[in-house]
Amino acid sequence: MPYYTRAGDAGQTSLNPHTSKTSKGSLQIEALGQLDELIAYLSYCRTVCHPAGGHPLGDKNSDIHRALRRIQDVLFRMQAQVGKDGRGQTLLPGVMKEHVQEAEYMIAYFEKALPPVTQFIVGGASPLGAMLNIARTIARRAERAVVRYQEEAIALEAPVLQYLNRLSTVFYIMSREADRRAGAKEEKPEYYKA
């Protein structure tokens, strides 16, 4: 069986076999695509925590690896909510208040060894730290896409936006912690030195 159907060759797609087609340029498809990009990028981040077939970077980043994998699962739930059809039906459970609390726990867990931030810092002083800093910006872009979709089309449950809002902080804190574990020194922007 081929992996292509030619059904989307005219710029239309179906979210499931029971719904009508929608433009691939719609706000809904854009939001789903941004979430998909974030999920995929987190897989790339996880390979740096534990390279496949190679030696993990010690076990010092196994907690980051597990947290990223958990976040991916929650983002799949979010895609089900954003991708629900016009009747508002989805077959999968959505993002719940408990997931928002879980993200807040991740922030508290990863920040406990970090010094407080008193000024802007240039993120990503280590490879994993840099990748997590990029994840932060992808999460913000996904959040903006989901907000635009909600403003124009459908009201989403409150935990969806709450979780997305926490994610950029999760990745920011993880990035700083990955840098700390790598022994990298945080740097402030040059304009502080002027």
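The values are calculated or read from the model by the stated rules, or taken from the named source; none is laboratory data. Note that the structure is predicted; figures quoted are calculated from it, not measured. Note: accessible area is taken over every heavy atom of the protein model, side chains too, but ligands, DNA and RNA are not part of it. Shrake-Rupley method; radii C 1.70, N 1.55, O 1.52, S 1.80 Å.
Computed extension gain for Gln150 through Lys112, at 0.36 nm per residue and net of the alpha carbon distance, reaches 10.2 nm. With a 1.4 Å probe rolled over the protein heavy atoms of all chains, the accessible area of Val122, Val100 falls in the order Val122, Val100, largest first.
Bridging of Lys185 to aspartates and glutamates at a Cα separation below 14 Å is possible for Glu177, once same-chain residues fewer than 8 apart are set aside.
Rounded to the nearest whole Hz, the Karplus-based 3J(HN,Hα) values (6.51 cos²θ - 1.76 cosθ + 1.60, θ = phi - 60°) of region 106-119 follow the sequence 4, 4, 4, 5, 7, 8, 5, 9, 8, x, x, 8, 10, 7, with x at glycine and proline. Dividing the mean sequence gap of close Cα pairs (under 8 Å, 6+ apart) by how many residues region 82-173 holds gives a relative contact order of 44 percent.
Our estimate of slack between Ala182 and Tyr3, defined as 0.36 nm per intervening residue step minus the Cα-Cα distance, is 60.3 nm.
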